[in-house]
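First comes the structure, then the notes that go with it.
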């Protein structure tokens, strides 16, 4: 019976880590979209953190915004979201992160056709 409990705890921990990774991916994408629309670093962080549950907790999630370089006249921006979580109730603390890259939109250019 103890082996079953260990396996169950391991499966739940993996599921918890996967959900945290998916949340980081979603948050990074939301931040990258805000940056592509021309949002400043504070707006990008706010948009990314809005996706992370419990984003008000100190140290829960970190958002970094950086420029990836220039390709012609279009700048690329990289948004990275990382967060710590404790696996299971008494398990170790792990850090998961995800990054998203977006090209800043140029004002006055038409968007893609539907």
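In a fully extended conformation the segment linking residue 43 and residue 97 would gain 17.5 nm over its present Cα-Cα distance, using 0.36 nm per residue. Each of 79, 52, 101, 22 was scored by other Cβ atoms within 10 Å of its Cβ. Listed from fewest to most, they are 22, 101, 52, 79.
If region 2-103 were replaced by its equivalent ellipsoid, with semi-axes equal to the square roots of 5 times the Cα gyration tensor eigenvalues, what would those be, largest first, whole Å? Could you put the intermediate results ahead of the total?
Numbers: eigenvalues 213, 34, 17 Å².
Each semi-axis is the square root of five times an eigenvalue, giving 33, 13, 9 Å.
Where a number appears in this text, it was derived from the coordinates with a stated rule and is not lab data. All figures in this text were calculated on a predicted structure; none of them were measured in a lab. When we count neighbours, we look across all protein chains shown, and the Cβ atoms used for this are built from the backbone with ideal geometry, even at glycine.
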